[in-house]
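Heads up, the thing below is written out as structure tokens.
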């Protein structure tokens, strides 16, 4: 029924858009160097002034790539690695946080319009979000404890900006993208703007047959966002429904990948394979939230949010069939205080967040994709809460100082309902004081030095204290450590060249790493200490601008990540892994791209992502080969009256590399590899009616 409703709504938009009238909107990437105001840490400063390592992506930068995935967009940033083991199955890490994330998003806080998508268990279903539902991304790298609480990886802020307008306006955006392996994406959006009201209503559908056996994708979503201005306040609402189904082909060995990379996990003498067990994920989520920002007077501003969401999750796996029902309630409050109404150089922010989750997790036998008899039934209540305080000062218009802290608590109440005598356990983890200090100093009006000293704290997630092996691990400790960072960023040549160079060192204690039992079910242990130090470089530039020539503009972008991470103290039984390279992290990643805009509104975008070899196990006895991933997109923008269209074609993995974008680290049976698609293509068209 949901799919039918989406289809009807999409057809309605097609009908209305044919007669829409409004102003002209450019669809081409005319400037990647537009001044960005950063919202992270409530700074409200230009990007180059912010006392932190912040990476940003605008909607125009997103348009460089295919409109179907976050993967190439986020991978264009230094220190960020997003992997896709199969269509719809994502893993995201910031500065090596994938050490403890065999899948999904952990150890990173994710917000959408300042409302947390990360739940009380530490998990984020980022695959529920469509790329075209977002038009701005900010990534705060490293511990972000002064405002975002627990998490050593950092925070990712997704934003959908729908401004108010001076008069009543309507516009319609429509998109269709098709491609290799049955890729088909359709997007329709209706935007309505008034002086005191703005709204975005979007439907999206995407499907793919996948490259490998047992890899398919069916995703249907509806997103409705509104802004309502009332007096001194603005209410924002966010509502979305996503129905997501995707296959999980599982890992294969090196010899199997070399023989046939399209294979799924194969059967063994003791266990069936992925095709036989119909391994997949079925996720249906409904999410609703409301937030309010109210400026009481010149000195006091209050912000609050409340969100509620419900997830029905099913995962037929090799060894079991899991059904999970999750309910989340999140609330938060901030008070922004300016001590001097005529001088805004001092700002004090105080607040709290309370995230609560109830999960009913039932495991059954998996009889060839059909739910069998009960193995276990568990009930888990999770609560994550933190208080934070941060003060920001600007001195002599050259020095910005921000200092803050948070106090965090993570609680798990666990009970196994199927035991003859139900087993009850509680795990409470506290971080009473987690500080963060940063500064930015203007050595020139366009060049800024910055530094950060921050403590990181990250509780084990629910998927780690109660992993897929079905046991509860109450003694798993939180990760902790100190991050020290220094950098310089700014612009040259009248803002035509932008750069950010940073050096950091993060010493992590109680590092959480993944283990597998003989059946392939996972569990986690604390592995001692690790040292994550590195260098990051970001460059963006407008190197050519000649409106009258055949080539009108050329933009370049580059990102370099040097990550020689290693274990300091790590003992596994009689084996010492001290000094070994940290598992799953490439030592170097370089991304180089360019965008060319030609006369007659043609454009060409291309980028290459080069990754060094990746250690696949803690012993460093096997590495995934390095690879070079070439992507390109060619298109033309067309305008008639006040309307426009963008027609494009493109390709991915154009060098036809055999590589795995998302390895299973420390995998049982040497099944490390999830081969990515071979050379593939896409084409599409986007309409804008105003």
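Check 489, 496, 540 and return the single one that is crowded, with 19+ Cβ neighbours inside 10 Å, touching a residue at least 12 places away in the same chain (Cβ under 8 Å), farther than 24 Å from residue 437 by Cα and in contact with a strand residue (DSSP E or B) (Cβ under 8 Å, 6 or more places away or on another chain).
540
I need the full set of residues from segment 204-247 which are over 30 Å from residue 686 (Cα atoms) and out of contact with any helix residue (DSSP H, G or I) (no Cβ under 7 Å at 6 or more places or on another chain), in order please.
229, 230, 231, 232, 233, 234, 235
May I ask you to list pairs of residues, at least six apart or on different chains, whose Cβ atoms are under 6 Å apart, with the first in segment 174-196 being free of Cβ contacts under 8 Å to residues at least 40 places away in the same chain and the second being surrounded by 20 or more Cβ atoms within 10 Å (Cβ to Cβ)?
Within 6 Å, the pairs are 182/208; 191/171; 191/200.
Taking segment 248-273 as the region of interest, how many residues are more than 18 Å from residue 84 (Cβ to Cβ) and part of a loop (DSSP other than H, G, I, E, B)? Outline the logic, then answer.
In the first step, residues of segment 248-273 are kept if they are more than 18 Å from residue 84 (Cβ to Cβ); the result is 253-256, 258-260, 266-273.
From what's left, part of a loop (DSSP other than H, G, I, E, B): 253, 260, 266-273.
Adding up the residues that qualify gives 10.
Among the residues of segment 475-485, which ones are surrounded by fewer than 16 Cβ atoms within 10 Å (Cβ to Cβ) and part of a strand (DSSP E or B)?
482, 484
Going through segment 623-650 one residue at a time, which ones are more than 18 Å from residue 175 (Cα to Cα) and surrounded by 15 or more Cβ atoms within 10 Å (Cβ to Cβ)?
Once the filter is applied, which keeps residues that are more than 18 Å from residue 175 (Cα to Cα) and surrounded by 15 or more Cβ atoms within 10 Å (Cβ to Cβ), segment 623-650 yields 623, 624, 626, 627, 629, 630, 631, 632.
From 328, 245, grab the single residue that is surrounded by 19 or more Cβ atoms within 10 Å (Cβ to Cβ) and either in contact (Cβ under 8 Å) with a residue 60 or more places away in the chain or outside any loop (DSSP other than H, G, I, E, B) (or both).
328
When segment 274-302 is examined, which residues are found to be in contact with a strand residue (DSSP E or B) (Cβ under 9 Å, 6 or more places away or on another chain) and in a loop (DSSP other than H, G, I, E, B)?
Answer for segment 274-302, where residues must be in contact with a strand residue (DSSP E or B) (Cβ under 9 Å, 6 or more places away or on another chain) and in a loop (DSSP other than H, G, I, E, B): 278, 279, 296, 299.
Restricting to segment 548-575, what's the tally of residues that are under 30 Å from residue 603 (Cα atoms) and in contact (Cβ under 8 Å) with a residue 12 or more places away in the chain? Show your work before the answer.
Filtering segment 548-575 for residues under 30 Å from residue 603 (Cα atoms) gives 548-561.
With in contact (Cβ under 8 Å) with a residue 12 or more places away in the chain added as a condition, the list becomes 549-561.
Qualifying residue count for the region: 13.
Can you report the number of residues in segment 430-455 which are assigned to a strand (DSSP E or B), surrounded by 13 or more Cβ atoms within 10 Å (Cβ to Cβ) and modelled with pLDDT of 90 or more?
18
Within segment 248-261, can you find the residues that are farther than 18 Å from residue 90 by Cβ and crowded, with 17+ Cβ neighbours inside 10 Å?
252, 253, 256, 257, 261
Condition first: free of Cβ contacts under 8 Å to residues at least 40 places away in the same chain and not in a strand (DSSP E or B). Now tell me which residues in segment 587-600 satisfy that. Please lay out each step first, then the result.
If we filter segment 587-600 for residues that are free of Cβ contacts under 8 Å to residues at least 40 places away in the same chain, which is where we start, we get 587-588, 590, 592, 600.
Correct list: 587, 600.
Taking residue 649 as the residue in question, decide whether it is free of Cβ contacts under 8 Å to residues at least 24 places away in the same chain, in contact with a strand residue (DSSP E or B) (Cβ under 6 Å, 6 or more places away or on another chain) and not in a loop (DSSP other than H, G, I, E, B). Working first, answer last.
Details: free of Cβ contacts under 8 Å to residues at least 24 places away in the same chain: no; in contact with a strand residue (DSSP E or B) (Cβ under 6 Å, 6 or more places away or on another chain): yes; not in a loop (DSSP other than H, G, I, E, B): yes.
Answer is no for this residue.
All but one of (1) closer than 23 Å to residue 90 by Cα; (2) free of Cβ contacts under 8 Å to residues at least 12 places away in the same chain hold for residue 621; which doesn't?
(1)
Going through segment 654-679 one residue at a time, which ones are more than 27 Å from residue 468 (Cα to Cα) and touching a strand residue (DSSP E or B) at 6+ places or on another chain (Cβ under 6 Å)?
Residues satisfying the conditions are 654, 655, 657.
The values are calculated or read from the model by the stated rules, or taken from the named source; none is laboratory data. Only a predicted model underlies this, so the values are computations on that prediction, with no experimental measurement involved. Please note: Cβ atoms are built from the backbone with ideal geometry, for glycine as well, and neighbour counts cover all protein chains shown.
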